[in-house]
Amino acid sequence: MLRVQVTCGSLHWRGQSRTGKVRAGMFGMPVIMQPVEIYTTPFCGFCHAAKRLLTQKDVSFAEVDVAREPQRRQEMMDRANGGYTVPQIFIGGTHVGGCDELYALERAGKLDPMLNAEG
Ligand SMILES: N[C@@H](CCC(=O)N[C@@H](CS)C(=O)NCC(=O)O)C(=O)O
């Protein structure tokens with residue numbers, strides 16, 4: 001679903017496209033956000049820290065709670081090249097790693113480009 005909101009003559013794009021989130025960029029131009037997926041468990045501090053960073057950046061994400069859906073842990077490990085800890089994070093289908101890797105990308109200034117990458 002894609003909603004377009006017009007405010008004071010400039011376009012502000014909000015909502016969710018099929019491939020990811022669309023939000024306003026410079027001059028109100030739409031920026032396609034890569035879809036973000038995160039495998040978590042409820043009592044995992046690293047999971048909460050990773051989700052906090054994404055939320056602070058106004059990035060929406062699809063969450064798979066492998067405690068509630070244990071059958072999906074194997075899917076997580078397959079996609080994460082054997083990574084078995086939570087969280088496991090994917091941006092645009094690319095495996096990022098866990099919480100530490102997500103924060104390292106942010107510190108290096110590489111997270112936003114990855115989230116905003118086309119394709
Ligand atoms: N360095 C990892 C640490 C992740 C981690 O240790 N997660 C814990 C839960 S908070 C875990 O999955 N431990 C293994 C297990 O529970 O089997 C990261 O940054 O994501």
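Taking the condition away from the ligand (no atom under 15 Å from the Cβ), of a type in the set (V, I, T) and at pLDDT below 95, does T19 pass?
So T19 fits the description; yes.
Test F61 against the criterion of being more than 10 Å from the ligand (Cβ to nearest atom) and assigned by TED's automatic domain parsing to the domain that holds D112, and give yes or no. For F61, the condition - more than 10 Å from the ligand (Cβ to nearest atom) and assigned by TED's automatic domain parsing to the domain that holds D112 - is met.
Here is a yes/no grid of residues against (1) near the ligand (Cβ under 10 Å from one of its atoms); (2) charged (D, E, K, R); (3) at pLDDT 95 or above; (4) closer than 21 Å to M114 by Cα:
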position	(1), (2), (3), (4)
C44	yes, no, yes, no
C47	yes, no, yes, yes
A50	yes, no, yes, yes
R68	no, yes, yes, no
R73	yes, yes, yes, no
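Of the residues making up region 26-42, those that are more than 14 Å from the chain's Cα centre (by Cα) and at pLDDT 95 or above are T41, P42. Among residues of region 81-105 that are in the same structural domain as H48 (by TED's automatic domain parsing) and more than 11 Å from E37 (Cα to Cα), those with a Cβ under 9 angstrom from a residue that is of a type in the set (S, T, Y) and within 7 Å of the ligand (Cβ to nearest atom), sequence gap 6+ or separate chain, pair up as V86/T41; G98/T85. How about region 78-119: which of its residues are more than 12 Å from the ligand (Cβ to nearest atom), under 13 Å from the mean Cα position of the chain (by Cα) and among the small types (G, A, S)? Of everything in region 78-119, those that are more than 12 Å from the ligand (Cβ to nearest atom), under 13 Å from the mean Cα position of the chain (by Cα) and among the small types (G, A, S) turn out to be G92, G93, A117.
The values are calculated or read from the model by the stated rules, or taken from the named source; none is laboratory data. Nothing here was measured: the structure is a model prediction, and the numbers come from that model. Note that we place each Cβ from the backbone using ideal geometry, even for glycine, and neighbour counts take in every protein chain shown.
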